[in-house]
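Engineer: Pasting a structure below so you can have a look.
The values are calculated or read from the model by the stated rules, or taken from the named source; none is laboratory data. What you see is a predicted model, and the numbers here were worked out from it, not measured in a lab. Here Cβ is always computed from backbone atoms with ideal geometry, including for glycine, and neighbour counts include all displayed protein chains.
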Amino acid sequence: MIAAGLGLAYLLVSVNGAAALDRRVQINNNSSYDIVEFYASNTGTKSWEEDILGKDILPAGHSVVINIDDGSGYCKYDFLAVFEDGDQVTSANNNVCELSQFNFTD
């Protein structure tokens, strides 16, 4: 009975620990252009989620901390940034459970 209780306690800690991973990433716009749209979708997803910036922009030379937690428990995300000049930059397979910063540069 004690062993079963310890096993259940270990399982709860493991599940809660996985759910509590920090998925906040500081996005640094080190480019010369404003980022007007930013997307983060589970790696392997065939479509992009909504624009995380919404009506805001990420000006050149600035940063923003984004919580990339969609409730799915996934850690691997693809990023898409759309710049004011129309250029788009994608970065695939970013582990947001381990990544604390991500840089966009010229």
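Engineer: Identify all residues within the stretch 75-95 that are surrounded by 13 or more Cβ atoms within 10 Å (Cβ to Cβ) and either part of a loop (DSSP other than H, G, I, E, B) or among the acidic types (Asp, Glu) (or both); write none if there are none.
Structural biologist: If the condition is that a residue be surrounded by 13 or more Cβ atoms within 10 Å (Cβ to Cβ) and either part of a loop (DSSP other than H, G, I, E, B) or among the acidic types (Asp, Glu) (or both), then Cys75, Asp78, Glu84 are the ones that fit.
Engineer: When you check Ile2 against the structure, is it modelled with pLDDT under 85, more than 17 Å from Gln101 (Cβ to Cβ) and β-branched (Val, Ile, Thr), yes or no?
Structural biologist: The answer is yes for Ile2.
Engineer: Can I ask one more? If Trp48 meets every condition in (1) in a loop (DSSP other than H, G, I, E, B); (2) under 18 Å from Thr105 (Cβ atoms); (3) among the aromatic types (Phe, Trp, Tyr) apart from one, which number is that one?
Structural biologist: (2)
Engineer: If a residue has to be under 12 Å from the mean Cα position of the chain (by Cα) and of a type in the set (Gly, Ala, Ser) to count, how many in the stretch 59-71 make the cut?
Structural biologist: Total satisfying the criteria: 1.
Engineer: Is there a residue being free of Cβ contacts under 8 Å to residues at least 12 places away in the same chain and out of contact with any Ser or Thr (no Cβ under 6 Å at 6 or more places or on another chain) anywhere in the stretch 20-31?
Structural biologist: Checked the stretch 20-31: at least one residue is free of Cβ contacts under 8 Å to residues at least 12 places away in the same chain and out of contact with any Ser or Thr (no Cβ under 6 Å at 6 or more places or on another chain).
Engineer: Something else about it: Out of the residues in the stretch 23-57 that are charged (D, E, K, R) and either touching a Leu at 6+ places or on another chain (Cβ under 7 Å) or surrounded by 12 or more Cβ atoms within 10 Å (Cβ to Cβ) (or both), state the one that is modelled with the lowest pLDDT.
Structural biologist: Ranking the qualifying residues of the stretch 23-57, first place goes to Glu49.
Engineer: To continue, here is another question. I need a count of the residues in the stretch 58-74 that are among the hydrophobic types (A, V, I, L, M, F, W, C), farther than 14 Å from Tyr33 by Cα and surrounded by 15 or more Cβ atoms within 10 Å (Cβ to Cβ).
Structural biologist: 3
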